[in-house]
Amino acid sequence: MNNQNQRRDFIKTSAILAGGIILQPFGMPGAYASGTDQIKLAVIGCGGRGTGAVFQAFDTGHNIKLVAMADAFRDRIDKSYTPIFEKYGKDKVDVPEDRKFVGFEGYKEAIKLADVVILASPPGFRPDHFEEAVRQGKQVFMEKPVAVDAAGIRKVLAAAEEAKKKKLNVVVGLQRHYQDNYRETIKRLHDGAIGEIVGGQVYWNDGGVWVNPREASQTEMEYQMRNWYYFNWLCGDHINEQHVHNLDVANWVKNSYPVQAYGTGGRQVRTGKEHGEIFDHHSITFTYPDGSVIFSECRHFPGAANRVDESFQGTKGKVYMSAGNHGEISDYKGNSIYSHNRENNPNPYQVEHDELFAAIVKGEYKYADAENAAKSTMTAILGRNATYSGKVVTWDEALNSEINLMPNTLAWDAMPKVLPNADGYYPFAIPGKTKVI
Ligand SMILES: NC(=O)c1ccc[n+]([C@@H]2O[C@H](COP(=O)([O-])OP(=O)(O)OC[C@H]3O[C@@H](n4cnc5c(N)ncnc54)[C@H](O)[C@@H]3O)[C@@H](O)[C@H]2O)c1
């Protein structure tokens with residue numbers, strides 16, 4: 001059946017479900033606006049992940065055309081455009097000069113031209129980009145984390161509600177939700193395979209990421225934007241940027257979000273000027289509404305033992321999961337309850353797009369990932385608040401915080417809120433002194 005017929009059938013079905021009243025077919029104001037079967041795609045944030053996501057969108061095999069690209073920097077658009085064009089060619093890539101948008105505001109124009117948008121800038125901008133995409137009625141794939149502070153989380157939560165009302169599919173790149181071992185294992189946990197979950201440990205311990213050194217010609221704004229991982233208004237600290245994946249698994253397994261956090265963190269090995277203001281380690285206990293406690297640890301220590309995984313203990317057994325397709329459930333005598341078959345599992349990054357575009361092509365409304373993504377991002381921010389302040393911080397306090405990390409003005413000659421001292425070093429949080437609420 002071609003897409004046109006599928007859509008007609010779908011409209012018929014929704015009319016029947018709605019008691020004969022023809023509904024907007026699950027709110028598709030963006031997709032197919034042109035009346036053709038082609039889905040127009042725009043990418044906002046043309047770095048590693050934005051480029052990869054475009055590849056994955058094309059690799060779904062649907063009739064998709066990339067029509068617009070937006071990035072803060074022109075060279076990033078060029079670096080992304082070339083491999084996309086070389087691989088997929090002019091039939092799929094139609095981004096002339098006037099549809100390459102550079103700077104802070106270009107996302108609005110790029111979104112306008114598309115049916116589906118990929119949002120893959122640094123996370124500080126995600127709330128504004130997502131809010132605009134939903135305002136314009138577009139279907140969304142957006143990367144995690146979805147914000148860096150409570151002000152951003154509140155914006156994403158409001159836009160998530162709006163997206164639900166408009167029936168816009170939203171998939172978020174917390175790809176464990178699209179990974180077989182997590183889906184199969186957590187389904188069994190929710191069915192009671194190990195009883196009540198009473199504790200757990202989640203880790204992202206590795207050697208850290210890239211640094212983009214300062215160049216003499218850069219304004220402070222450009223430097224921070226290029227070296228974005230190390231500034232909280234852009235990144236939210238590595239607990240937000242990476243460990244959000246593992247915290248999200250804890251929330252998924254617990255089927256709830258923590259009520260408070262208490263933790264320790266600091267800068268032990270990554271202390272240079274180029275390392276901005278973020279910590280290199282955080283250890284936190286998160287308390288959930290039922291009183292159970294999940295321990296979380298993330299650190300960037302080159303040369304130390306790496307560990308990125310999740311374990312949970314229940315009243316009747318335990319489970320081990322990791323991104324390497326592990327899913328091992330056993331009782332406390334060592335008897336296996338479930339062992340996930342790790343062979344030939346599909347790539348979850350591809351599955352995200354396969355499922356999103358399949359829903360869009362069929363005219364279905366199936367994915368509303370933004371609310372959970374906002375709350376899992378909030379979990380990471382809560383953890384950061386605990387380690388930065390050294391205090392017990394509750395979810396409600398953290399979510400209602402009035403602290404907004406974004407600069408007052410976004411322009412190349414404007415100043416971010418955190419600035420270096422005369423020696424080039426940035427201030428960072430001191431537990432016991434720093435206020436986070
Ligand atoms: N799900 C995953 O496993 C996974 C993996 C990698 C990255 N990511 C996420 O993807 C996002 C991007 O990461 P990346 O590794 O691609 O980083 P990157 O630095 O390679 O790309 C980010 C791009 O966004 C651009 N940008 C900055 N400000 C912008 C703005 N205001 N408007 C438009 N573009 C802007 C940058 O210039 C850069 O080209 C992050 O949130 C990251 O956590 C997710």
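The values are calculated or read from the model by the stated rules, or taken from the named source; none is laboratory data. None of these values were measured; they are calculated from a predicted model. Neighbour counts run over all protein chains shown; Cβ positions are idealised from the backbone, glycine included. Heads up: the accessible areas ignore ligands, DNA and RNA and are worked out on the full protein's heavy atoms, side chains in. Shrake-Rupley method; radii C 1.70, N 1.55, O 1.52, S 1.80 Å.
Side notes on the structure shown:
- Filter result for GLU402 (at pLDDT 95 or above, of a type in the set (D, E, K, R), out of contact with any Phe, Trp or Tyr (no Cβ under 6 Å at 6 or more places or on another chain) and open to solvent by 30 Å² or more (accessible area, probe 1.4 Å)): no
- Members of the range 395-434 that are in contact with a strand residue (DSSP E or B) (Cβ under 8 Å, 6 or more places away or on another chain) and free of Cβ contacts under 8 Å to residues at least 12 places away in the same chain: none
- No other residue among LYS333, LYS362, LYS417 is within 21 Å of LYS138 (Cα to Cα) and at pLDDT 95 or above apart from LYS362.
- In the range 335-350, the residues that are in contact (Cβ under 8 Å) with a residue 40 or more places away in the chain reach residues that are part of a loop (DSSP other than H, G, I, E, B) and within 16 Å of the ligand (Cβ to nearest atom) with C-beta atoms within less than 6 angstrom, at least six apart or across chains, in these pairs: ARG342/ASN325; ASN345/ASN325; PRO348/GLN179.
- Looking across the range 74-114, just one residue is part of a strand (DSSP E or B) and away from the ligand (no atom under 12 Å from the Cβ), and that is VAL93.
- Any hit, the range 326-343, residues being buried (at least 17 other Cβ atoms within 10 Å of the Cβ) and in a helix (DSSP H, G or I): no
- Count - residues of the range 115-148 that are part of a loop (DSSP other than H, G, I, E, B) and either open to solvent by 10 Å² or more (accessible area, probe 1.4 Å) or within 14 Å of the ligand (Cβ to nearest atom) (or both): 11
- So GLU371, is it at pLDDT below 95 and not hydroxyl-bearing (Ser, Thr, Tyr): no
- Given (1) over 16 Å from the mean Cα position of the chain (by Cα); (2) open to solvent by 10 Å² or more (accessible area, probe 1.4 Å); (3) under 22 Å from PRO416 (Cβ atoms), index of the condition GLY207 fails: (3)
- Options GLY276, GLY236: the member that is touching a residue at least 24 places away in the same chain (Cβ under 8 Å), out of contact with any Ser or Thr (no Cβ under 9 Å at 6 or more places or on another chain) and open to solvent by less than 10 Å² (accessible area, probe 1.4 Å): GLY276
- Number of the exception - TYR262 against (1) open to solvent by 10 Å² or more (accessible area, probe 1.4 Å); (2) in a loop (DSSP other than H, G, I, E, B); (3) in contact with a helix residue (DSSP H, G or I) (Cβ under 6 Å, 6 or more places away or on another chain): (2)
- Within the range 212-225, residues that are without any contact (Cβ under 8 Å) to a residue 24 or more places away in the chain have Cβ atoms under 9 Å from residues that are assigned to a loop (DSSP other than H, G, I, E, B) and away from the ligand (no atom under 15 Å from the Cβ) in these pairs: TYR223/ARG214, counting only partners at least 6 apart in sequence or on another chain.
- Selected residue (only one of PHE73, PHE10 is at pLDDT 95 or above and either acidic (Asp, Glu) or open to solvent by less than 60 Å² (accessible area, probe 1.4 Å) (or both)): PHE73
- Taken together, the residues in the range 44-73 that are on the phi < 0 side of the Ramachandran plot and either within 20 Å of the chain's Cα centre (by Cα) or near the ligand (Cβ under 6 Å from one of its atoms) (or both) amount to 18.
- Qualifying positions in the range 284-299 - without any contact (Cβ under 8 Å) to a residue 60 or more places away in the chain and open to solvent by 10 Å² or more (accessible area, probe 1.4 Å): THR285, THR287, PRO289, GLY291
- Condition check for SER389: farther than 21 Å from VAL249 by Cβ and hydroxyl-bearing (Ser, Thr, Tyr): yes
So that you can scan it fast, the table gives a plain yes or no per residue for (1) of a type in the set (Asp, Glu); (2) in contact with a Gly (Cβ under 6 Å, 6 or more places away or on another chain); (3) under 9 Å from ILE44 (Cβ atoms):
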{"residue": "GLU105", "(1), (2), (3)": "yes, no, no"}
{"residue": "LYS108", "(1), (2), (3)": "no, no, no"}
{"residue": "ILE111", "(1), (2), (3)": "no, no, yes"}
{"residue": "VAL116", "(1), (2), (3)": "no, no, no"}
{"residue": "ARG126", "(1), (2), (3)": "no, no, no"}
{"residue": "LYS138", "(1), (2), (3)": "no, yes, no"}
{"residue": "GLU143", "(1), (2), (3)": "yes, yes, no"}
{"residue": "ALA147", "(1), (2), (3)": "no, no, no"}
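Results for (1) surrounded by 16 or more Cβ atoms within 10 Å (Cβ to Cβ); (2) out of contact with any Phe, Trp or Tyr (no Cβ under 9 Å at 6 or more places or on another chain), shown as yes or no for each residue.
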| position | (1), (2) |
| --- | --- |
| ALA373 | yes, yes |
| LEU382 | yes, no |
| TYR388 | yes, no |
| VAL393 | yes, no |
| ALA398 | yes, yes |
| ALA414 | no, yes |
| ALA422 | no, yes |
| TYR425 | no, yes |
| PHE428 | yes, no |
